[in-house]
1. Which numbered condition trips up Arg81, out of (1) of a type in the set (D, E, K, R); (2) crowded, with 17+ Cβ neighbours inside 10 Å; (3) without any contact (Cβ under 8 Å) to a residue 24 or more places away in the chain?
2. Quick one: in segment 1-37, which of the residues that are within 14 Å of Ala66 (Cβ to Cβ), of a type in the set (Asp, Glu) and under 24 Å from the mean Cα position of the chain (by Cα) is modelled with the highest pLDDT?
3. Hey, Ala66 hits all of (1) under 17 Å from the mean Cα position of the chain (by Cα); (2) surrounded by 14 or more Cβ atoms within 10 Å (Cβ to Cβ); (3) farther than 20 Å from Asp162 by Cβ; (4) modelled with pLDDT under 90 but one; which does it fall short on?
4. Does Val40 satisfy the criteria of being closer than 26 Å to Ser190 by Cβ, in a helix (DSSP H, G or I), at pLDDT 75 or above and β-branched (Val, Ile, Thr)?
5. Taking the condition under 26 Å from Arg136 (Cβ atoms), in contact with a Phe, Trp or Tyr (Cβ under 6 Å, 6 or more places away or on another chain) and either small (Gly, Ala, Ser) or touching a residue at least 60 places away in the same chain (Cβ under 8 Å) (or both), does Ala51 pass?
Amino acid sequence: MKRELLHEDTDETLMNAVACKDTGALRELMRRHETRVRRVAYRYTGSDDAACELVQDIFFKIYTAAGSYSPQARFTTWLYRITANHCLNYIRDSRQNPVQHLTQPIDESGHALADHAATAGQLESLEKQERAVRVRQAVDSLPERQRMAILLLRFEELSYRDAAVALDCSVSALEALVHRGLETLKKELSDSR
């Protein structure tokens, strides 16, 4: 007998229900977290289509892995770990050169605001636009794990501890990834002036 899900249920409670194959609990988790998953996937791949595909894959993974979930960390930390792994695997498997849109605005549901550049571009100076392109290109050139570390910390505002868990590394290893990434960005951006 299925119980009625409440919006007040914790993510952990919902995961227990998902482990018992309760699709309503999965739908509630998707309602709560789909936007953040889509946002990370879009920012990492630069593609709405890829982000939609990754969201489906990630929530399917949550459904199939629910039985092995143990709430040692917050659910969102576990979710970011799955999301990061799927994004990294997507890039490796497709052998694509990701075109990140770190500076392109996205709406509340994680979709790109495609026409933003045409309307707001009139208000932005050419210098600002050129700087944004240089930053995007520099970030795109970073190794995958450095790029993901910076994305999780800067754009998803995860703590170092949570980002380290998401990337399955220690905090000191994450700090090293970020440090190397920022040093590379600083060098590339100063060379492109």
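1. For Arg81, the failing item is (3).
2. That would be Glu28.
3. Among (1) under 17 Å from the mean Cα position of the chain (by Cα); (2) surrounded by 14 or more Cβ atoms within 10 Å (Cβ to Cβ); (3) farther than 20 Å from Asp162 by Cβ; (4) modelled with pLDDT under 90, Ala66 violates only (1).
4. no
5. yes
The values are calculated or read from the model by the stated rules, or taken from the named source; none is laboratory data. Computed from a prediction, not measured in an experiment: that's the story for all the values here. Note that we place each Cβ from the backbone using ideal geometry, even for glycine, and neighbour counts take in every protein chain shown.
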